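First up is the structure itself, then whatever we jot down about it.
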Amino acid sequence: MKNMWQQKWIKLMVVVCCFALFSSAAYAEEKTEVIVHYKPHPENTIEWTVWAWGENDEGARFSFTGEDEFGKVAVIELPGKHEQIGYLISTEEWVKDGEDQFISLTDNKAEIFIEGTLVSGDSGAPTSVSHYSWMIVIATLAIVILIAAEYTRNKHRKRNRENGESYGSQATQ
């Protein structure tokens with residue numbers, strides 16, 4: 001009797017495991033794929049990415065991972081099935097090349113081609129504040145050093161005047 005319950009228990013566990021395996025495999029296959037081809041404006045030097053989101057999703061950032069004859073290519077894979085997704089070409093600092101766009105999907109797949117625009121203010125110079133932070137630090141240090149040098153020079157002048165010496169002469173004792 002005990003052996004019969006063990007066999008039934010084993011069969012039940014096999015059925016449950018197979019069901020869990022097949023249902024998770026079916027769920028894992030549900031994804032939406034969009035291939036983005038992006039041709040940046042020739043004068044843009046900004047490092048672009050794609051921000052994409054499905055219905056009721058927060059969204060995620062995707063990097064361009066390749067190039068083709070059109071331009072940069074990013075493959076976007078969003079979990080689940082979506083009839084429509086939103087996308088935006090932007091930087092990590094949210095400098096945007098265009099506005100939010102939406103695309104309807106057929107069979108959870110789409111391929112889009114986007115021509116970039118010249119983003120105002122893009123002069124080829126870095127756009128991130130972090131690129132300028134070293135210049136700010138160096139300028140601040142230079143100002144502090146100049147102030148300290150001027151303070152020290154004035155202090156020595158005052159001491160020399162009190163001792164009756166002219167500026168630049170050494171006191172002999």
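Coordinate-derived values only; no laboratory data. Keep in mind that what you see is a predicted model, and the values were worked out from it rather than measured. Glycine gets a Cβ as well: all are built from the backbone with ideal geometry, and neighbour counts include every protein chain shown.
Points to keep in mind about this one:
- Scan of the range 46-66 for residues that are part of a loop (DSSP other than H, G, I, E, B) and either loosely packed, with under 14 Cβ neighbours inside 10 Å or free of Cβ contacts under 8 Å to residues at least 40 places away in the same chain (or both), ordered by number: GLU55, ASN56, ASP57, GLU58, GLY59, PHE64, THR65
- The numbered conditions (1) on the phi < 0 side of the Ramachandran plot; (2) touching a residue at least 40 places away in the same chain (Cβ under 8 Å); (3) touching a strand residue (DSSP E or B) at 6+ places or on another chain (Cβ under 8 Å); (4) of a type outside the set (D, E, K, R) are all true for GLY80 except (1).
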